[in-house]
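Note sheet for the following structure.
Please treat every number below as a calculation from the coordinates, not as lab data. Keep in mind that this is a model prediction, so the values were computed, not measured. Cβ: placed from backbone, ideal geometry, glycine included. Neighbour counts: every protein chain shown.
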Amino acid sequence: MKQNFLKLSLALPILTVAGLFAARPATAVSFYSITNLGSTNYDSFNYLGELAASGKTYNATSYVAGSNVFLNNGSVIDLSTFDPVSSPLETAPKAVAINNLNQVAGNTGYADTFFWSEETGFTFIEPPGPGGYTGASDINNLGQVVGTAGAPDAGFEGYVWSLDGPDFNIGVLPNIDPGLGGTFAQGINDNSQVVGYFGSSSLNNYFRAILYEEGTLYDLNNLIPANSGWTLEEALDINNQGQIVGTGVVNGQEQHFLLTPSNGTGSQSVPEPSTTLATLAFSAFGALKMLKHKRKQRHL
């Protein structure tokens with residue numbers, strides 16, 4: 001009976017350790033420290049990864065404004081000449097972001113979204129999801145465009161689109177009824193991390209800032225210190241270092257924030273794998289020593 005108990009004492013920690021390795025995700029989401037930027041108008045990062053206003057609209061050699069792309073050689077490309085939409089209800093294309101390859105994402109008219117480059121020309125984006133209205137918000141240096149698609153009577157979902165695919169939606173937050181709201185993708189970095197916001201009539205302040213990373217959608221409010229006093233409402237952009245700029249409420253005031261990845265913990269309790277594994281491994285080692293000691297006594 002004692003021998004069976006020792007075998008069980010040995011097996012349980014080993015099985016638990018094995019289970020933790022099997023269930024552990026390939027990468028863990030970061031927690032963030034938060035900096036109050038006050039009422040500044042930072043809404044993005046520029047091509048250098050620095051905080052900026054309208055930083056998505058320019059790079060080192062060119063910039064976009066309205067339907068025009070201004071190149072550093074002095075030439076101007078008028079995107080309205082490429083727009084195949086001629087309905088009187090439509091308006092000229094508006095570029096919203098340009099990457100370092102001079103690839104442009106933008107919106108045209110009432111409900112269309114486009115991708116443009118000198119090599120490919122003008123391409124309409126047909127994002128996955130509920131259909132209806134579409135809107136682009138950003139483009140990274142991989143040519144991935146993020147935006148939102150949907151309709152007021154069907155809800156909305158953020159999407160990621162690229163010329164060669166794959167295209168996908170970022171989903172909605174679990175356990176919260178989106179109602180006629182949904183997710184809105186606002187920014188993407190070169191690591192394909194997407195930020196934006198989730199809207200639902202069931203939330204007290206209606207909006208929650210979100211992060212989409214490697215197939216999982218996170219509420220950023222769960223990834224900051226629990227006693228921060230902040231409600232993060234909108235994440236507007238993310239740079240390649242993982243820093244996030246956005247807006248939220250603290251002390252009853254609407255403020256801009258900067259999130260920086262840290263090794264701290266957020267308000268969502270997440271066990272530290274290294275500590276748990278070390279404890280279980282020590283238990284397994286102790287059980288093994290006891291079992292060897294018993295066997296040695298038996299042979300004396």
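When only alpha carbons are used to place a centre, region 213-241 and region 151-192 end up 16 Å from one another.
The calculated FRET efficiency for the pair I176 and E118, based on their C-beta separation and a Förster distance of 45 Å, comes to about 0.60. Put a dot 7 Å past the Cα of N240, heading toward its Cβ, do the same for A53, and the two dots end up 2.7 nm apart.
Which FRET efficiency value, to the nearest 0.05, is calculated for S162 and N73 with the Förster distance at 25 angstrom and r the Cβ-Cβ distance? FRET efficiency, S162 to N73: 0.40.
Each other residue within a Cβ distance under 11 Å of I244 adds +1 if Lys or Arg and -1 if Asp or Glu, for a net charge of -2. Taking a label point 7 Å from the Cα of S39 along the Cα→Cβ vector, which residues of region 240-255 have an amide N closer than 11 Å to it? So the set is 254-255.
Extending 7 Å from Cα along the Cβ direction at T231 and again at Y63 yields two label points whose distance is 3.6 nm.
Taking a Cβ cut-off of under 11 Å around Q186, the surrounding Lys, Arg, Asp and Glu residues balance to a net charge of -3, with basic ones at +1 and acidic ones at -1.
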